[in-house]
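Structure first, commentary second.
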Amino acid sequence: ISHCLGVGGRDLSDVVGGRSTLTALDALDADPDTELIVVLSKPPSPTVAAAVREHVSRLATPVVVALLGEDGPDLTTVAATVLGRLGVAVPAWPSWPPAASGSVSGSGRPGWLHGLFGGGTLCVEAQAVAAPILGDVRSNVPLRPERTVGPGRDGHVMLDLGADEFTAGRPHPMLDPAARLPVLAASAARPEVSVILLDVVLGHGAHPDPASALAPAIAQARRRPEPLSIVVSLVGTPDDPQGLGRQATALAEAGASVHLSNAEAARLAASLARGGS
């Protein structure tokens, strides 16, 4: 990887117009060490997305454009595409089955899916993956304005708990996993909710041991009378200071199905909420 440039989640909005993205594209195109450019974005303005694609068509360096949304590829598919373009074998993305009894290893129970995310981009991707399976999925960061979640949080809901309304005066849930625990308990207390989907992000700057807070809460949530499946999207690498394997094992032992691919985790969670497996 020659460069990794972050331009901000609002760059491809109508207000900003993709100015930083277009500048970054030109800089990477001029760099002789860059052989392939990958553009990743939250759902963009259609007008700005069209401008980016037109700009890309005039560059000498090949570009993979990956703009999240209902019609775009998920990030796991994008990773496979990039590896294929570079001649690298696509791995089987690791997963860890739940160790506890009564887990998601069998069929799910039809009901609501609640996704409780610390990562806003992961929340958006999960909506794009789950909506074709479940239909209407509501959120505080919805794919469409009419899918904004209501105060009761009924139905299939995916929340970005790192958004401003949840982090005013308190740490982001990636820094403090305990900030997510009351919302997890509230979702688990509703018998209509049959599946809970969580993300856990590792790396420098994140909590040093997120599983230490989340694993006991997951185990407690699954003690309710009605069956509850919990799926975790674990974002990290073996080099992360939290220990990828240690985090995955602790979450799986608490009864969660753990996946290194957020798209695969969302797809499984949506299938379980429909009563599949």
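The values are calculated or read from the model by the stated rules, or taken from the named source; none is laboratory data. A quick note: this is a predicted structure, and the numbers were derived from the prediction, not measured. All Cβ positions, glycine included, derive from the backbone under ideal geometry; neighbour counts span all protein chains shown. Heads up: the accessible areas ignore ligands, DNA and RNA and are worked out on the full protein's heavy atoms, side chains in. Shrake-Rupley method; radii C 1.70, N 1.55, O 1.52, S 1.80 Å.
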- Of the residues in segment 103-116, those that are touching a Leu at 6+ places or on another chain (Cβ under 6 Å) and modelled with pLDDT of 95 or more come to GLY115, LEU116
- Among the candidates ALA89, ALA80, which residue alone is among the small types (Gly, Ala, Ser), outside any helix (DSSP H, G or I) and more than 30 Å from ARG222 (Cα to Cα)? ALA89
- Item | Sole exception among (1) open to solvent by 10 Å² or more (accessible area, probe 1.4 Å); (2) over 16 Å from the mean Cα position of the chain (by Cα) for ALA252, by number | (1)
- Please determine, by comparing only the residues of segment 140-155 that are more than 20 Å from the chain's Cα centre (by Cα) and without any contact (Cβ under 8 Å) to a residue 40 or more places away in the chain, which one is farthest from GLU192 (Cα to Cα). GLU146
- Query: For residues in segment 212-239 being within 18 Å of the chain's Cα centre (by Cα) and part of a loop (DSSP other than H, G, I, E, B), which is farthest from VAL183 (Cα to Cα)?
  - Reply: THR237
- Query: Can we say LEU197 is part of a strand (DSSP E or B), within 16 Å of LEU161 (Cβ to Cβ) and either hydroxyl-bearing (Ser, Thr, Tyr) or in contact with a helix residue (DSSP H, G or I) (Cβ under 9 Å, 6 or more places away or on another chain) (or both)?
  - Reply: yes
- Of all residues in segment 223-237, how many are under 19 Å from LEU75 (Cβ atoms) and either touching a Phe, Trp or Tyr at 6+ places or on another chain (Cβ under 6 Å) or open to solvent by 10 Å² or more (accessible area, probe 1.4 Å) (or both)? 3
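Give the residue that is nearest to ARG19 (Cα to Cα), with candidates limited to residues of segment 51-75 that are part of a helix (DSSP H, G or I) and open to solvent by less than 30 Å² (accessible area, probe 1.4 Å).
Filtering segment 51-75 for residues that are part of a helix (DSSP H, G or I) and open to solvent by less than 30 Å² (accessible area, probe 1.4 Å), the one nearest to ARG19 (Cα to Cα) comes out as VAL52.
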- Message: Restricting to segment 168-181, and then to whatever is in contact (Cβ under 8 Å) with a residue 12 or more places away in the chain and either in contact with a helix residue (DSSP H, G or I) (Cβ under 7 Å, 6 or more places away or on another chain) or open to solvent by 30 Å² or more (accessible area, probe 1.4 Å) (or both), can you tell me which residue is nearest to GLY111 (Cα to Cα)?
- Response: LEU181
